[in-house]
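The structure appears below as structure tokens.
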Amino acid sequence: MATVTLLQDEEGSAEALAVFDDIRATRGADFINNFWRALAHDPALLKATWDRLKVVMGPGTLDPLTKEMVYIAVSVANACEYCAHSHTAAAKANGMTPEMYGELLSVIGMASQTNALATAMQVPVDPEFQT
């Protein structure tokens, strides 16, 4: 259950609605998801988060699908159900196939296991890996 209400357009401040308008324009869709609606209670945080997300997830050296798949992995590691679902949908929209998703989940599972083992055993980092 959410700890804040999800503000609808008619409930948002002018500042929040301006961000909603930018989200719609940037994404070319009318949908504003629940994350942004929850953040709308704090228009300054909403704007700062949206502005940063546009930069990080925008054009760069990594392609959009890779960025979304990394986002899924981090969301799983942080146990963020909302973000895992949101970015899985975005990855699929950017071309992630069921086979790619299965392989991604295998990598996430393997990394989680080996991370836990290395942490539990306090394995020292090889000097060759320290650059």
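The values are calculated or read from the model by the stated rules, or taken from the named source; none is laboratory data. These numbers come from a predicted model, not from an experiment. Positions of Cβ are backbone-derived with ideal geometry, glycine not excepted, and every protein chain shown enters the neighbour counts. Ligands, DNA and RNA are excluded from the accessible area calculation, which covers all protein heavy atoms including side chains. Shrake-Rupley method; radii C 1.70, N 1.55, O 1.52, S 1.80 Å.
With only Cα atoms counted, the stretch 58-131 has Rg and Dmax values of 14.7, 41 Å. Placing +1 on the Cβ of every Lys and Arg and -1 on the Cβ of every Asp and Glu, with no other charges, gives the stretch 32-118 a dipole of roughly 260 debye about its Cα centre.
For ILE72, the solvent-accessible surface computed with a 1.4 Å probe is close to 0 Å², ligands and nucleic acids excluded. Principal axis extents of the Cα atoms in the stretch 47-97, from largest to smallest and rounded to whole angstrom, are 23, 23, 16.
Residues in the stretch 76-81 carry Karplus couplings, in order, of 5, 4, 8, 6, 9, 4 Hz; the curve used is 6.51 cos²θ - 1.76 cosθ + 1.60 with θ = phi - 60°, and Gly or Pro positions show x.
Can you tell me, using C-alpha contacts under 8 Å and at least 6 residues apart, the relative contact order of the stretch 30-131 as a whole percent?
Answer for the stretch 30-131 is 18 percent.
Computed from the alpha carbon positions, the gyration tensor of the stretch 12-55 leads to an equivalent ellipsoid with semi-axes of 14, 12, 9 Å, biggest first.
Rolled with a 1.4 Å probe across the full set of protein chains, the surface gives LEU6 an accessible area near 60 Å².
Each of MET57, ALA40, GLY12 was placed along the dipole of the stretch 1-118 (beta-carbon charges, centred on the mean Cα), and the one lying farthest toward the positive end is MET57.
Taking Cβ atoms as reference points and 12 Å as the exclusive limit, the residues near LYS47 contribute a net charge of -3, counting Lys and Arg as +1 and Asp and Glu as -1. Residue ranking by accessible heavy-atom surface, 1.4 Å probe, largest first, among ASP30, ASP21, ASP9, ASP63 comes out as ASP30, ASP21, ASP63, ASP9. Using the alpha-carbon centroid of each, what span in Å lies between the stretch 72-102 and the stretch 1-44? The stretch 72-102 and the stretch 1-44 have Cα centres spaced 22 Å from each other. Counting only protein chain heavy atoms and rolling a 1.4 Å probe, the accessible areas of MET69, MET96 rank, largest first, as MET69, MET96. For the stretch 88-100, backbone phi angles converted through the Karplus equation (6.51, -1.76, 1.60; θ = phi - 60°) give residue-by-residue couplings of 5, 4, 5, 5, 4, 5, 9, x, 5, 8, x, 5, 5 Hz, Gly and Pro being listed as x. Rolling a 1.4 Å probe over the protein heavy atoms leaves VAL55 with an accessible area of roughly 100 Å².
If you look at the Cα atoms of the chain, you get an Rg and a Dmax of 18.2, 58 Å.
3J(HN,Hα) couplings calculated from phi for the stretch 57-71 with the Karplus curve 6.51 cos²θ - 1.76 cosθ + 1.60 (θ = phi - 60°) are, in sequence order, 8, x, x, x, 5, 7, 6, x, 5, 4, 4, 5, 5, 5, 4 Hz; Gly and Pro show x.
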